[in-house]
Amino acid sequence: PHLAALVLARGGSKGIPLKNIKLLAGVPLIGWVLRAAIDAGVFHSIWVSTDHDEIEKVAKQFGAQVHRRSPEVSQDSSTSLEAITEFLNHHHEVDIVGNIQATSPCLHPSDLIKVADLIQKEGFDSVFSVVRRHQFRWSEVKKGENKMTEPQNLNPAKRYRRQDWPGELYENGSFYFAKRHLIEKGYLQGGKMAYYEMRAEHSVDIDIDIDWPIAEQRVLSFGYFGKEPLKEVKLLVCSIDGCLTNGRIYVTEDHKEMVSYDYRDIVGIDLLKKRGIQVLLISDRDCSKTLSAMQLGCVAKVSATNKLQVLKDWQEDMGLSWKEVAYLGNEESDVECLKQAGMSGVPADACAAAQKAAGYICKSRGGCGAVREFAEHIFLLLEKVNSARKQ
C-alpha cells in the first residue's frame with residue numbers, strides 16, 4: 001500500500017505569521033520534519049499541502065512534492081481532516097496518510113519507521129503520537145460558582161512521588177497516521193487504533209511566539225540533524241566579502257579601497273581560535289591590503305577563481321573529514337562549498353542560491369555580526385557532540 005507523508009502548512013497563522021517557514025535554529029520550521037520524513041525511508045511520497053508560494057518554494061527545496069490546497073480548506077476555520085480529505089481526492093494512489101505536524105521540530109526518523117511498521121505490518125488502521133506527563137489535574141471552578149475544586153487523578157492525602165507514578169498519556173499532535181477508508185468516513189482515529197509514545201524531550205510543539213526560543217534550545221539539544229553523526233568542527237572557512245564585511249567597497253579620490261567590519265565578528269573569530277578551531281578566509285577578489293590592515297591573524301586565499309578546489313586543498317592538508325569542516329558563504333561562488341562542508345551557513349542577506357544550499361541561515365546580515373552568530377551556532381552543536389559522547 002502507498003504510504004504518503006503529508007504536512008499541512010497553510011500561509012495564514014494568527015499566532016506567528018508564516019510560522020511554517022520561519023527559521024528555527026537556522027532551518028525553516030517545516031524543514032525539520034521534512035528532513036526526518038525523507039530520511040525515514042518508509043514513505044512512497046512526501047507532500048506539503050499549502051496555499052502559499054513561499055511555503056511551496058521551501059517545501060521543494062527540502063525535497064517534498066507540493067499539493068496546492070483550495071481556498072475552501074485554507075480558512076482559519078478549516079480542519080486538518082478537510083485538508084487531508086481534499087488531498088486524497090486528488091491522489092487516488094495513496095492508501096495511507098501520515099499527517100505530520102510542521103510544528104514538531106524534534107521528530108526523528110526512528111519514530112516514523114516504528115509507526116509505519118504498526119500500520120503496514122501489524123495491521124493497525126490508525127496510529128497517533130502521545131507523550132507521558134506527570135501532571136495532577138483538578139476540576140475547573142468557573143468564576144461566580146460557589147463550588148470547591150475536586151481532584152481528578154490524585155488523592156491529595158496520598159500524593160504520588162513522580163518516580164512512583166507512571167503518569168498519563170496525552171496526545172501531543174506530532175503525527176496522525178490513518179488508512180484511506182477511515183479518512184473517507186470522517187475519522188483520523190478509529191478502527192483498530194494504537195498510540196505511539198514519543199520521548200518527552202522529542203515532544204515539542206510551537207503555537208505562539210513565546211514557544212520559539214524554548215523550541216530553539218530543545219531542537220539544538222534533541223533535534224534530528226541528519227543520518228551521519230555530528231563531529232567536532234575543527235576548521236571554519238569564511239568568505240570575506242559579504243560575510244566578514246557587508247560587501248560594500250568605498251573608494252577614495254586617490255583610488256584607495258575601504259571596507260567596514262563588525263567588531264563582534266572579530267570577537268567571534270577569536271573565540272573560535274580559543275576553542276581550537278582554525279579559521280581561514282577566502283575571497284574572489286584581491287583584498288590582501290584590506291586583510292593586512294584588519295590584522296586578523298588568519299591565513300587567507302584571495303583571487304580564488306575556484307573556491308571549492310581551495311577548500312578541498314585545505315581539508316586534505318589538515319587531514320579532516322568533511323564533517324569537521326564548516327563554511328560561511330553568501331554568493332553563488334560559495335554554493336558548492338556550502339554543499340560540501342559538514343556545517344554550512346549564510347548571512348541573512350545572502351543570495352537565494354546560497355540560502356538554498358546552506359544548513360543554517362543567520363539572523364544577522366553580512367558584516368553585521370553574522371560570523372559571531374555562526375560561531376555561536378558551532379559552539380551549540382559542539383555541546384551536542386560532547387553530550388552524545390558522554391551518553
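The values are calculated or read from the model by the stated rules, or taken from the named source; none is laboratory data. The shown structure was predicted, so the numbers you read here are calculated from the model rather than taken from an experiment. For neighbour counting, all protein chains shown are included, and Cβ atoms are generated from backbone atoms with ideal geometry for every residue, glycine included. Calculation scope for accessible area: heavy atoms of the full protein, side chains included, ligands and nucleic acids excluded. Shrake-Rupley method; radii C 1.70, N 1.55, O 1.52, S 1.80 Å.
Across segment 43-63, what is the number of residues that are modelled with pLDDT of 95 or more and either under 27 Å from L381 (Cβ atoms) or hydroxyl-bearing (S, T, Y) (or both)? Number of matching residues: 4.
Got a sec? Which helices (runs of 4 or more DSSP H) wholly within segment 53-133 have at least 3 residues that are more than 19 Å from E197 (Cβ to Cβ), open to solvent by less than 50 Å² (accessible area, probe 1.4 Å) and among the small types (G, A, S)? By residue number, no helices (runs of 4 or more DSSP H) qualify.
All conditions but one from (1) in contact with a strand residue (DSSP E or B) (Cβ under 8 Å, 6 or more places away or on another chain); (2) more than 24 Å from S110 (Cα to Cα) apply to F175; the one that does not is (2).
Can you confirm whether G144 is open to solvent by 30 Å² or more (accessible area, probe 1.4 Å), at pLDDT 90 or above and either outside any helix (DSSP H, G or I) or not basic (K, R) (or both)? For G144, the condition - open to solvent by 30 Å² or more (accessible area, probe 1.4 Å), at pLDDT 90 or above and either outside any helix (DSSP H, G or I) or not basic (K, R) (or both) - is not met. The lone criterion from (1) open to solvent by 30 Å² or more (accessible area, probe 1.4 Å); (2) β-branched (V, I, T); (3) touching a strand residue (DSSP E or B) at 6+ places or on another chain (Cβ under 9 Å) left unmet by V204 is number (1). The set of residues in segment 23-52 being open to solvent by less than 10 Å² (accessible area, probe 1.4 Å) and out of contact with any strand residue (DSSP E or B) (no Cβ under 9 Å at 6 or more places or on another chain) consists of L24 alone. Among residues of segment 106-150 being within 30 Å of the chain's Cα centre (by Cα) and among the small types (G, A, S), the one that is nearest to G190 (Cα to Cα) is S126. Restricting attention to segment 242-292, the residues that are assigned to a loop (DSSP other than H, G, I, E, B), crowded, with 19+ Cβ neighbours inside 10 Å and among the acidic types (D, E) total 1.
Every residue, every condition in (1) under 22 Å from the mean Cα position of the chain (by Cα); (2) in contact (Cβ under 8 Å) with a residue 12 or more places away in the chain, yes or no:
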| position | (1), (2) |
| --- | --- |
| S45 | yes, yes |
| E56 | yes, yes |
| K60 | yes, no |
| S74 | no, yes |
| T79 | no, no |
| A83 | no, yes |
| H91 | no, yes |
| V97 | no, yes |
| S104 | yes, yes |
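Of all residues assigned to segment 329-342, none qualifies as being small (G, A, S) and free of Cβ contacts under 8 Å to residues at least 24 places away in the same chain. Residue pairs whose Cβ atoms lie under 9 Å apart, separated by 6 or more positions or on different chains, with the first residue in segment 119-134 and touching a residue at least 60 places away in the same chain (Cβ under 8 Å) and the second in a loop (DSSP other than H, G, I, E, B) and of a type in the set (D, E), are I119/D125.
Being under 23 Å from K323 (Cβ atoms), in contact with a helix residue (DSSP H, G or I) (Cβ under 6 Å, 6 or more places away or on another chain) and of a type in the set (V, I, T) is a property that does not hold for V204. Can you find a residue in segment 147-161 that is outside the structural domain of A215 (by the TED database), assigned to a strand (DSSP E or B) and either touching a residue at least 60 places away in the same chain (Cβ under 8 Å) or open to solvent by less than 80 Å² (accessible area, probe 1.4 Å) (or both)? Yes, segment 147-161 has at least one match.
Taking segment 299-350 as the range and being open to solvent by 30 Å² or more (accessible area, probe 1.4 Å), in a loop (DSSP other than H, G, I, E, B) and out of contact with any Cys (no Cβ under 7 Å at 6 or more places or on another chain) as the test, the residues that pass are V299, S303, T305, N306, G319, S321, G342, D349. Determine whether segment 183-195 contains at least one residue that is open to solvent by less than 70 Å² (accessible area, probe 1.4 Å) and more than 29 Å from H90 (Cα to Cα). No: segment 183-195 contains no residue that is open to solvent by less than 70 Å² (accessible area, probe 1.4 Å) and more than 29 Å from H90 (Cα to Cα). Put simply, of S221, S174 the only residue that is buried (at least 17 other Cβ atoms within 10 Å of the Cβ) and either under 26 Å from the mean Cα position of the chain (by Cα) or hydroxyl-bearing (S, T, Y) (or both) is S174.
G12 - would you say it is in contact with a helix residue (DSSP H, G or I) (Cβ under 6 Å, 6 or more places away or on another chain) and assigned to a loop (DSSP other than H, G, I, E, B)? Judged against the criteria, G12 is not a match. Residue count for segment 12-22, restricted to those that are modelled with pLDDT of 85 or more and surrounded by 16 or more Cβ atoms within 10 Å (Cβ to Cβ): 3.
Looking at segment 212-256 only, could you name the residues that are among the hydrophobic types (A, V, I, L, M, F, W, C) and over 30 Å from A102 (Cα atoms)? Answer for segment 212-256, where residues must be among the hydrophobic types (A, V, I, L, M, F, W, C) and over 30 Å from A102 (Cα atoms): L235, L236, V237, C238, I240, C243, L244, I249, V251.
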